[in-house]
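Input: a single structure, listed below in structure tokens.
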Amino acid sequence: MTTVLYFYTGTGNSLWTVRKLSGELGGAEIVPMSMAGEGRLEIDADCVGLVFPVHIWGLPQRVVDFVERLSVEKDAYLFAVAVNAGQVAATLLQLRRLLEERNLRLASGFSLCMPNNYIPWGGAPPVPKQEALFDKARGKIGRIASAVKERTQQEPEKGPLWQNLLFSWFYRKSLTRVPAMDSSFRADEKCNGCRICARICPADNIAIQNDRPGWRHRCEQCLACLQWCPQEAVQFGRSTARKRRYRHPEISLSDMLACVPPRHP
């Protein structure tokens, strides 16, 4: 079975997940969504997986855009893994509906709990808690791989009804405002002009002028610029300077930079 896994990552959680999943599946091809080209995307594979983070209790806009140009073989096994901090809500149901609009079928959808990386709502959890989550995630990834190998057909995993209704409403109200949320980003006095923030941004949203970053209002709220800044100089609002950054400990800066097209900001 030919398998290709497309992923989107900001702090490395989804990249780590897709690597572990590829290993469990015997070496599936791994492709960053940011490197998948433009226009109609025709995938000639027996099995196609989508691995991505949950943003605002729903699909990141990048994933929506990716799915809207996706084309797979009629009998291909299509599955998804939604990486989240404990509240997948109706994300995978949203994905199923979006695929159905393109006459595609989501065979299975899985929720994977990983450490929270949305720093405006809290810094990185303690290392022991991170390690406990990683251990549980490894077990879940093994079970996901088994289901994929067996081409299991099952309902997408989801949250409780109240959560799905409330958080889906919040998602719909918030998604169009995300690109302009970068107005809360700034670089403080620790910035040394290294340009990592501009190079790592999957949306190519950061321009460097006079060795200082500026955000161009096409933000996706992945927070890669903030979490991967070597100097911890990038801030969001007024509280992040006091919060511990999060990057997956098994993912390197070079790994992340390989997930986006080369840039020379």
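The modelled label-to-label distance between N103 and E189, using points 7 Å beyond Cα along the C-beta direction, is 6.3 nm.
The GluC sites (Glu not before Pro) found in region 159-265 that occupy coil by DSSP, while having at most 15 further C-beta atoms within 10 Å, are E189, E250. Prolate is the label for region 127-265, because a/c, from the alpha-carbon gyration tensor with a ≥ b ≥ c as root eigenvalues, is 1.5 or above and a/b exceeds b/c. Taken over region 38-162, the alpha-carbon convex hull comes to 120 cubic angstrom per residue. Of the cross-linked pairs K20/K74; K20/K149; K20/K136, those separated by over 18 Å at the C-alpha level are K20/K74.
In region 1-131, a dipole from Cβ-located charges (positive for Lys and Arg, negative for Asp and Glu) runs towards its positive end, and of I30, S108, A85 it is A85 whose Cα lies farthest in that direction.
Of all lysines in the structure, those lying under 17 Å Cα to Cα from K243, and not within fewer than 8 positions of it along the same chain, are K129, K190.
Ordered from longest to shortest, the equivalent ellipsoid semi-axes for the chain are 30, 20, 19 Å, each the square root of 5 times a Cα gyration tensor eigenvalue. Report in % the part of the accessible area of region 105-174 that belongs to carbon and sulfur, leaving out ligands and nucleic acids; probe 1.4 Å. Carbon-and-sulfur percentage of accessible area, whole number: 60. Excluding ligands, DNA and RNA, the accessible surface per residue across region 140-265 is 54 Å² with a 1.4 Å probe. Once the 1.4 Å probe is applied to the protein heavy atoms, region 1-90 comes out at 36 Å² accessible per residue. Around M181, under 14 Å between beta carbons, what's the net of Lys plus Arg minus Asp minus Glu among the other residues? Result for the local shell: +3.
The values are calculated or read from the model by the stated rules, or taken from the named source; none is laboratory data. Predicted model only: the values in this text are computed from it and were never measured. Positions of Cβ are backbone-derived with ideal geometry, glycine not excepted, and every protein chain shown enters the neighbour counts. What goes into the accessible areas is simple: the full protein's heavy atoms, side chains included, and nothing from ligands, DNA or RNA. Shrake-Rupley method; radii C 1.70, N 1.55, O 1.52, S 1.80 Å.
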